[in-house]
1. Would you point out the residue of segment A:174-192, among those that are assigned to a helix (DSSP H, G or I) and of a type in the set (Gly, Ala, Ser), that is nearest to the other protein chains (Cβ to nearest Cβ)?
2. Got a sec? Which of B:Leu59, B:Leu54, B:Leu36 is on the phi < 0 side of the Ramachandran plot and not assigned by TED's automatic domain parsing to the domain that holds B:Arg132?
3. Quick one: how many residues across segment A:154-173 are facing another protein chain (nearest Cβ under 10 Å), part of a helix (DSSP H, G or I) and out of contact with any Ser or Thr (no Cβ under 6 Å at 6 or more places or on another chain)?
4. Determine which single condition B:Ala42 fails, assuming it passes every other condition in (1) farther than 23 Å from B:Met189 by Cα; (2) more than 13 Å from DNA strand C (Cβ to nearest atom); (3) surrounded by fewer than 17 Cβ atoms within 10 Å (Cβ to Cβ).
5. How about segment A:16-32: which of its residues are within 13 Å of DNA strand C (Cβ to nearest atom), crowded, with 17+ Cβ neighbours inside 10 Å and over 16 Å from B:Ala112 (Cβ atoms)?
6. Quick check on segment A:67-85. Is at least one of its residues within 16 Å of DNA strand D (Cβ to nearest atom) and over 30 Å from B:Ile116 (Cα atoms)?
7. Name the residues in segment B:152-192 that are modelled with pLDDT under 95 and under 18 Å from B:Val81 (Cβ atoms), would you?
Protein chains: 2
Amino acid sequence: MAEQTDTRERILDVALELFNEKGYDGTSLREIAERLGVTKAALYYHFERKEDILLELHLRMHGIGRGILDRLDAVEDERDVVAAWPALVDAFIDEVLANRDLFLLHQRNQGAFAKIADDERHQAENEDIEERFRRFLSTEAIPLDDRVRMAASVGAVMVALMGATGGGLFGDVSTTDVADRVRGIVHDMLRS
Amino acid sequence: MAEQTDTRERILDVALELFNEKGYDGTSLREIAERLGVTKAALYYHFERKEDILLELHLRMHGIGRGILDRLDAVEDERDVVAAWPALVDAFIDEVLANRDLFLLHQRNQGAFAKIADDERHQAENEDIEERFRRFLSTEAIPLDDRVRMAASVGAVMVALMGATGGGLFGDVSTTDVADRVRGIVHDMLRS
DNA sequence: GTCTATATTTCGATAGAC
DNA sequence: GTCTATCGAAATATAGAC
């Protein structure tokens, strides 16, 4: 069985593609249906609203971030977070490499996500991971310099690595090659 | 005179606000007009098309980036770019501090900008600054490690500094305080 | 589950009075 | 320079046959 009930999966795949190409708002259900080879109405069998497609993709992104943040929460003393950070960044890099499209979606459609953030369905389950991340970076028990370093390391990974995988930011260089260098650079950045 | 002919300026201000809140595509002219206290039709007296509002904001962003990139082009030998980079990042930080909303717009609406990039009006004058930036990072005469460091430094500034100014990423810490630390961190990052 | 309609809303844009 | 009124297009969403 299963055979073709994974139309739902195919919808999500195509939607993710198109949302990254033209943005969430700039993508119509008609376009998704056409690229998928079905009609618009078929999409409504699988998702009640267009929003729900974006929401599901958001939740997957959420699951990825949660694994990392849980490891952050597991650190007993807040001041030990700094020591734990390099390993977490490595995990983050692995996730970015494996789920680049999802991270790209999140980065490029913050406006659309902000809209559905108010939604009950969204607020119910999960606490926003960005919110949890923010709380860590507001912890006064951690020296400000370390907190800025942690935030900066995330930005460094995002720009250097995401640019390398998708846009060929560095020309014809293998992604793993760039990833290794990013790891080295970020680790250096984190030893204050 | 001048008195209220700067409705044009107010439109741009409100549009920049809304584009950052809900994205370019997610913002309707009706919303802009409402927040401004005028009607939709009034907007069309100042701008022929919705695109033109975005385009004007884009051109301002462009003017900012051009100053920095020109200094990059002024470096004779490509391999000296690495040595010149720290000073350029400092200039970049200054611009981000002074024009945070414009940088946010550019970061959050890459898709919308890509659409108008094909436009004749846009292509005429200026070559896209991101394209010029990309070309530098593809220059094989510069060691890959240095190029990744340069890209990473931009990401570090964007996340740490933009987060600090807008969202209070680090709690109640002054922006200039964060900015100084970002400078230090990025300079460290750039001495290979 | 997917289709052919079609209802409903909203958007960008224009015309013309003031 | 701003308004009211409206047009045409495109979008989301629904109804009902198959």
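1. As a first pass, look at segment A:174-192 and keep what is assigned to a helix (DSSP H, G or I): A:175-190.
Narrowing the set further to residues that are of a type in the set (Gly, Ala, Ser) leaves A:179, A:184.
Details: A:Ala179: 10, A:Gly184: 8 Å.
Taking the candidates together, the pick is A:Gly184.
2. On the way: B:Leu59 fails: not assigned by TED's automatic domain parsing to the domain that holds B:Arg132; B:Leu54 fails: not assigned by TED's automatic domain parsing to the domain that holds B:Arg132.
Result: B:Leu36 is the single residue among B:Leu59, B:Leu54, B:Leu36 that is on the phi < 0 side of the Ramachandran plot and not assigned by TED's automatic domain parsing to the domain that holds B:Arg132.
3. Filtering segment A:154-173 down to residues facing another protein chain (nearest Cβ under 10 Å) leaves A:154-164, A:167-173.
From what's left, part of a helix (DSSP H, G or I): A:154-164, A:167.
From what's left, out of contact with any Ser or Thr (no Cβ under 6 Å at 6 or more places or on another chain): A:154-163, A:167.
Summing the residues that are facing another protein chain (nearest Cβ under 10 Å), part of a helix (DSSP H, G or I) and out of contact with any Ser or Thr (no Cβ under 6 Å at 6 or more places or on another chain) in segment A:154-173 gives 11.
4. Failed condition: (2).
5. Matches in segment A:16-32: A:Leu29, A:Ile32.
6. At the first step, the residues of segment A:67-85 found to be within 16 Å of DNA strand D (Cβ to nearest atom) are none.
No, every residue in segment A:67-85 fails to be within 16 Å of DNA strand D (Cβ to nearest atom) and over 30 Å from B:Ile116 (Cα atoms).
7. Across segment B:152-192, the qualifying residues are B:Arg191, B:Ser192.
Residue-by-condition table, conditions (1) out of contact with any strand residue (DSSP E or B) (no Cβ under 8 Å at 6 or more places or on another chain); (2) touching a residue at least 40 places away in the same chain (Cβ under 8 Å); (3) among the acidic types (Asp, Glu); (4) crowded, with 17+ Cβ neighbours inside 10 Å:
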position	(1), (2), (3), (4)
B:Arg108	yes, yes, no, yes
B:Ala112	yes, yes, no, yes
B:Arg135	yes, no, no, no
B:Val157	yes, yes, no, yes
B:Phe170	yes, no, no, yes
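The values are calculated or read from the model by the stated rules, or taken from the named source; none is laboratory data. Everything numeric in this text was worked out from a predicted model, so none of it was measured. Cβ coordinates were reconstructed from backbone atoms using ideal geometry, including for glycine residues, and neighbour counts include every protein chain displayed.
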